[in-house]
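As structure tokens, the structure follows; a few thoughts come after it.
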Amino acid sequence: MKNFDTDVAVVGAGLIGSATALALRQRGVAVVMLERDLGGSRASGVNFGGVRRQGRSPAQLHLAARAHPIWADLKAKIGIDGEYVRSGHIKLARSQADLTALAAYAARVADFDLGLEILEGRAFRERYPCFGPEIIGGSFCPGDGQANPRLVAAAYAQAARQAGCEVIERCPVTGITREGDGFLLRCGDAVAVRARRLVNAAGAWGAGIAAALGDDIPMRFDYPTILVTEPLPPIVSVNIGIEGGGFYGRQVERGNLVMGGGFGVASGDGASRPDSGALARIGGRAAAILPATRHARVIRIWAGIEGYTADKNPFIGESANVPGLFHAFGFSGGGFQIAPAVGEVLCELICEGRSSTPVEAFRPDRFQQQSAEPGRTP
Amino acid sequence: MSGRPSPEIRPVVVGAGPAGIRAAEALVAAGLRPVVLDEGERAGGQIYRQPPAAFSRSRKALYGFEAGKAERLHATFAALRAHIDYRPRTLVWNAVPGELHVMGDAGPATVPFSHLVLATGATDRIYPFKGWTLPGVFSMGGAQIALKAQGCTIGETVALVGTGPLLYLVAYQYTKAGARIAVILDSARFTDQIAGAPAMLRQPATLAKGLYYVAWLKARGIMIVNGAIPMAAEGTERVERLVWRTPAGEGRVACDAIALGYGLRAETQIADLLGCRFSYSAAEHESLPASDATGRTSVAGVYIGGDGAGILGADAAEAAGTRAALALCEDAGLGVDGAATGALEARVGRWRGFRAGIRRAFPEPVAADFALADDVILCRCEEITVGALRAACREDGVDELNRLKALTRIGMGRCQGRMCGPAARALLAHHSGRSPGDVGRLRGQAPIKPMPLAPMPLVFDEAKP
Amino acid sequence: MRRAVDQDRPSISFFINGQRFTGKLGDTVLTAVLTQAGHLRTSEFEHQPRAGFCLMGACQDCWVVTEAGPAVRACSTLLEDGMAFVIEGLPGT
């Protein structure tokens, strides 16, 4: 049995946990981070890789704005640029109603300086000849972009380690109890960690961790499904979404198109797989949206595991029921871009009791009065 | 046969090589009508591959000593055709419990199954070396297929590199077809071959054939170099020269083609997607779906036979394919002759002993033996070098294959690590200080082979957020 | 690739970069091209010529682009009369 005594224990070495651990270490706080698999091997590492502010609720845009400059300077933070490209993000429209909705969104978030540009008609077609005839316009956000989650998530964990965080991988937490004002975490007979504060950054496993300490937080699971084509000649540089959802795509520098839409299924034991219709669904939409892909071949398909909340906003903040327990999970498929900021915010909440970025909308107890689907394990 | 097949029994066989054909035969004999899915144009698998119809060589010319076995197997399949649902040119690209997702002549389809026999065979086991991606370098099995199925040799002057009995068989076949053999470069030492001989005596006829080929080649003055490691395939647009090293020094020879192979590796992706338990076989140097002597895997209703369960060769595959199908029949409540199943298991067992001798005679080269420079391409799909693997071990502490894939793209390309996987595993074990079993295996992933993105173009259908 | 035995088969035409070539009935696309040209494709990242490898549909190194758009896996696709391929680095491109 290895014993650790630390200021802060972090459960989950995904992007959120690692960014938090890194920020805490930079303030000199002692951190032990426990990870059931390998750092960044779950949703943090297998998500779509969109680095996007456009489309987020105003509540999330505060976090997104804080994260925005971090992405541009990622190498300074974690040692690699993570293939981050400020490619812009376009949200496509298939109808006038879509364009109206996009314009209404632009008006709603005007304070956030996203530089949104609504394009349609000839101007749209001339700038983006790659899109199929069903697409009639879109909303362009020039400052948004994309990055490689496989590299970014692992590098964040590695940066936390290099900053002095004890990162213990392949070490699922099997028991959590309160011990005085702090916490005792056990990973079987292998590891015991005593910590004054606890960060629950366990992603899809977050509600389960919360429940172990008596915090019932409603969350459901889903399995975003993504595929990758073989390398193709340049087709599109901008990161693509679509009004109403159901498709997202981007072409990486090496030529592969990464595209997703819809959800897979659980396959037991914390694993998941694409649903049977995934290829037909995503492939069919891809060929309609980007006709140049119609002869492409798909070389990988997968489905990650993600926790979703009723309002699609994450849980970020100290538990109302368990002082010293800080939640940061339930990102509902939108955590990648904001993760670097969430790490800093959690660090502030832990060290100062308050954050310079508003996160009140993400209170973990905001659904407490409503009937809750109890936390469980994916 | 005591039972009567229920209509709920929907058996599917994947693969129409020796194991798949014998499995289908046993299922038909039990009164079932299996679906037989095969990627090939014609049944027979790789070893008994039939050339396209336009060719006219005799079976004797095609299969040599094995012509009788080939003829019997092809005849069995011809007789089965009316009793099975045979779908050639059909790729199983995904598998989920109870369903195979296939791509065939008629486009994508779903094939439901209640019981599944996997007879997916094997591909060459490859270790890269400098220049192995040059035009003119083919796999050993590829060299054999060129001749068998196309009447072609891979070049005029051919070097054979790797280890295993196939080197000598291909050299023999190529010489007879008029190609010149520049050199046979066998990484096995002469002493290895002596050590393996006793176990190979379990199949004296097969051992005798092997010895015959070697004597025949030596009588013709063909250069055989034992204990040799290939250093480089050199050339600009294509292969012009092979350079190797032995403890005695360096050698080189001019050639316009190279065949490369260190034995075979099992094709196991479907078992993986269906959640079959795998275990690492230190003897076979690969992770294989766990299966018992009957061919049952860890997943109920999923059976496995032939080289896809671990390399034992075509004769064993025929017996194992039949045995797996009889296990299916037993589980489906159909009567099965206990004496027959015992005899089949014993037959497979004898080949297991022979195989142990082959492994001693032609041992897997050790990663440390390969003085691979950092700039040698390891993953030929993504064009990632050995140096990238070493850097990932050194700088990121990578010690697991899927992590290596995530960080370096090794094994992430079109072939899903079929070509680079064995070498990546050996090198990762060597550089991370873990055992090959502990660095894990590349997880199988759909699509098992590249799939058209839009086989049937759709419009943007009822998308929901 | 060198034609060795069993080559007495009817001729069929195909095209590489618009130039007419003759193959034989029963040839795979790989055989038809490589008996007359040095490679099948150019690798995406290092831009090196590639000419297939495994010949059994496993390595995926022999995909050849057709004029019509879709690519074919040369080792496992039988040549058909009039097939037209686009191969970078061969005459005509």
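A few remarks follow.
- Cβ-based net charge around B:VAL336, under 12 Å, with every Lys or Arg adding one and every Asp or Glu removing one: -2
- Relative contact order (percent, whole number), chain B, Cα cutoff 8 Å, 6+ residue spacing: 18
- Placing a pseudo-label 7 Å from each Cα along the Cα-to-Cβ vector at C:PHE15 and A:ARG220 gives an inter-label distance of 5.5 nm.
- Angle in degrees between helix B:386-396 and the longest Cα principal axis of chain B, rounded to the nearest 10: 80
- Choice from A:PRO172, A:PRO340, A:PRO133 showing the highest fluctuation, given a GNM over chain A with Cα pairs closer than 10 Å: A:PRO133
- Comparing A:GLY79, A:GLY335, A:GLY260 in a Gaussian network model of chain A, where Cα atoms under 10 Å apart are tied by springs, the biggest mean-square fluctuation is seen for A:GLY79.
- Scanning chain A for long hydrophobic helices, with DSSP H runs required to stretch 24 angstrom or more by C-alpha along their axis and to average at least 0.5 on the Kyte-Doolittle scale, returns A:335-352.
- Summed side-chain charge close to B:ARG347 - residues other than B:ARG347 whose Cβ falls under 15 Å, Lys, Arg +1, Asp, Glu -1: +3
- Remark: mean inter-chain Cβ contacts per residue of B:132-140 equal 6, using a 10 Å Cβ-Cβ cutoff to other protein chain atoms.
- Prolate/oblate/rounded label for the protein assembly as shown (Cα gyration tensor, a/c 1.5): prolate
- Centre-to-centre, using Cα atoms only, segment B:185-213 and segment B:284-331 are separated by 26 Å.
- With a 10 Å cut-off around each Cβ of B:50-61, the average count of Cβ atoms from other chains is 3.
- With an a/c value of 1.5 or above and a/b not larger than b/c for the gyration tensor axes a ≥ b ≥ c computed over the alpha-carbon atoms, segment B:126-262 is described as oblate.
- The distance separating the Cα centre of segment B:82-107 from that of segment A:54-132 comes to 43 Å.
- Summary value for segment B:371-432: 35 percent relative contact order, contacts being C-alpha pairs under 8 angstrom separated by 6+ residues.
- Net charge over other residues, Cβ less than 13 angstrom from the Cβ of B:THR110 (K, R count +1; D, E count -1): 0
- A simple rule links phi to the HN-Hα coupling: the Karplus curve 6.51 cos²θ - 1.76 cosθ + 1.60 with θ = phi - 60°, which for segment B:131-138 gives x, 6, 8, 5, x, x, 9, 10 Hz, with x for Gly and Pro.
- Taking max minus min of the alpha-carbon positions on each principal axis, chain A gives extents of 67, 44, 42 Å, largest first.
- Value of Rg/Rh across segment B:138-183 [Cα atoms, Kirkwood radius]: 0.90
- Residue among A:ARG254, A:ARG66, A:ARG194 with the largest mean-square fluctuation in a Gaussian network model of chain A, springs linking Cα atoms under 10 Å: A:ARG254
- Segment A:24-176 shape via C-alpha gyration tensor axes, a/c threshold 1.5: prolate
- Segment B:139-157 and segment B:1-63 have Cα centres lying 25 Å from one another.
- Per-residue ellipticity at 222 nm, computed for chain B from helices alone with -39500 (n - 2.57) per DSSP H run of at least four residues, works out to -10500 deg cm²/dmol.
- Peptides B:150-161, C:39-50, B:189-200, A:145-156 ordered by average Cβ neighbours within 10 Å, highest first: A:145-156, B:150-161, C:39-50, B:189-200
- Cα long-axis angle, helix B:204-219 against chain B (0 to 90 degrees, to the nearest 10): 30
- Cα long-axis angle, helix B:67-80 against chain B (0 to 90 degrees, to the nearest 10): 30
- Segment B:126-262, relative contact order in percent, only Cα pairs under 8 angstrom and at least six apart counted: 37
Computed from the coordinates by the stated procedures, all read-outs in this text should not be read as laboratory data. Computed from a predicted model, the values in this text were never measured in an experiment. So basically every Cβ, Gly included, is an ideal-geometry build from the backbone, and we count neighbours across all protein chains shown.
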